[in-house]
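Data first, discussion second: the structure below is written as structure tokens.
The values are calculated or read from the model by the stated rules, or taken from the named source; none is laboratory data. A quick note: this is a predicted structure, and the numbers were derived from the prediction, not measured. Note that we place each Cβ from the backbone using ideal geometry, even for glycine, and neighbour counts take in every protein chain shown.
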Amino acid sequence: MDRECEYLKLVISAIAVSEVYRPKLGHGGKGYSQKEFQAFYAADPFYSWIGLNSPLMYAALKAAGGMTSVYRQVGIGCERLFRRLLRDHLGLTAEESTWSYTLPPDARGRTRRLTLDGRIPSSAIGDSERKAVVDDWLTRVGQELDIAPGSMEHKFGAVFEVRQGYKSKDSKRQNADISNAANAHAHDYLPVIAVFSMQMDGDLIKRYRENRILVLTGNLSDSDVSSTYAFCKKVIGYDLAAFFEQNAEALKKQIGEVLEALLSPQ
């Protein structure tokens, strides 16, 4: 029960951040209050002439940016929870459950290190029965992605990008995911995108699979090579769908409080 409470706190604490969102109006810092917004826009002759310094405009800006913040923070909560499940149920350390790689130097000689959201290195799993389950899943993922059996023999495990949903068809984001996947394969890891919702375009799933990326979505099927929840239950050994069902009221309450705060003009 204590562990379940900790899981819930990981998600709720991330979502709660959006409750204090304030629009930044294209600037940095902590954002503008309604009073600061009205003074800022009133000082702009054009915006003042046409009435954009209205409290309703502030409410609209806060709601629009706040919705983006909600999705972002839900995603952060999902990432934190997923990594915690890897540690708790596969016996991995914080270091073992994450993975990063360094990009080659750019024209100015600068390097950049990119970190993915999760990793399962098969050799680090101490429970022999659970390791056998993971190894069997890795073999089936290789078959699902049409990877040559000879290549699969050298794979160390899988690395994950975790999302709450994937509504965007932004080509820059897609190319970054495909680049991450290519680097994962180069380091002998299978790349996986684990989506907690079902919000992902079918064409995008198809493109990722063509690039040897396994995509798990939030469907409730029994397939651990297509469903995030089936994967968690069968491979990791934790019923994540049941966790969300059991804690739905607490999560809805937190989301409701955030939405009320964002939709208030104050």
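Among the candidates Leu61, Leu85, Leu10, Leu92, the residue that is within 25 Å of the chain's Cα centre (by Cα), assigned to a loop (DSSP other than H, G, I, E, B) and among the aliphatic types (A, V, I, L, M) is uniquely Leu92. Within region 29-60, the set of residues being loosely packed, with under 12 Cβ neighbours inside 10 Å and either within 21 Å of Ala261 (Cβ to Cβ) or of a type in the set (A, V, I, L, M, F, W, C) (or both) comprises Gly29, Lys30, Lys35, Ala43, Phe46, Trp49, Ile50, Leu56. Checked against (1) at pLDDT 95 or above; (2) touching a Leu at 6+ places or on another chain (Cβ under 8 Å), Asn180 passes all but a single condition, namely (1). Give region 221-266 a look and list any residue that's at pLDDT 95 or above and in a loop (DSSP other than H, G, I, E, B), or say none. Listed by number, the residues that qualify are Ser221, Asp222, Ser223, Asp224, Val225, Ser226, Gly237, Tyr238, Asp239, Asn247.
For every residue, the table says whether it meets (1) more than 18 Å from Ala181 (Cβ to Cβ); (2) modelled with pLDDT of 90 or more; (3) touching a helix residue (DSSP H, G or I) at 6+ places or on another chain (Cβ under 7 Å); (4) not in a helix (DSSP H, G or I).
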| residue | (1), (2), (3), (4) |
| --- | --- |
| Asp106 | yes, no, no, yes |
| Arg130 | yes, yes, yes, no |
| Val133 | yes, yes, yes, no |
| Thr139 | yes, yes, yes, no |
| Gln143 | no, yes, no, no |
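The listed residues are Tyr41, Tyr71, and the only one of them that is touching a residue at least 60 places away in the same chain (Cβ under 8 Å) and among the hydroxyl-bearing types (Ser, Thr, Tyr) turns out to be Tyr71. Within region 1-23, residues that are over 19 Å from Leu85 (Cα atoms) and touching a residue at least 12 places away in the same chain (Cβ under 8 Å) sit with their Cβ atoms under 8 Å from residues that are surrounded by 19 or more Cβ atoms within 10 Å (Cβ to Cβ) and among the charged types (D, E, K, R), at 6+ positions apart or across chains, in these pairs: Tyr21/Lys62; Arg22/Lys62; Pro23/Lys62. Against the test of being in contact (Cβ under 8 Å) with a residue 12 or more places away in the chain and either of a type in the set (Gly, Ala, Ser) or out of contact with any Lys or Arg (no Cβ under 7 Å at 6 or more places or on another chain) (or both), the options Leu90, Leu81, Leu52 yield a single qualifying residue, Leu81.
Among the residues of region 161-220, how many are outside any loop (DSSP other than H, G, I, E, B), among the charged types (D, E, K, R) and touching a residue at least 40 places away in the same chain (Cβ under 8 Å)? Spell out how you get there, then give the answer.
Keep residues of region 161-220 that are outside any loop (DSSP other than H, G, I, E, B), which gives 161-163, 166, 171-186, 189-195, 200, 202-210, 214-217.
Those still in the list that are among the charged types (D, E, K, R) too: 161, 163, 172-173, 177, 203, 206-207, 209-210.
Subsequent filtering for residues that are touching a residue at least 40 places away in the same chain (Cβ under 8 Å) retains 161, 163, 209.
Final tally of qualifying residues: 3.
Filtering region 100-130 to residues that are under 22 Å from the mean Cα position of the chain (by Cα) and either surrounded by 13 or more Cβ atoms within 10 Å (Cβ to Cβ) or among the aliphatic types (A, V, I, L, M) (or both) leaves Tyr101, Leu103, Leu114, Leu116, Asp117, Gly118, Arg119, Ile120, Pro121.
Among the residues of this structure, Ala261 counts as one that is in contact (Cβ under 8 Å) with a residue 12 or more places away in the chain and surrounded by fewer than 18 Cβ atoms within 10 Å (Cβ to Cβ).
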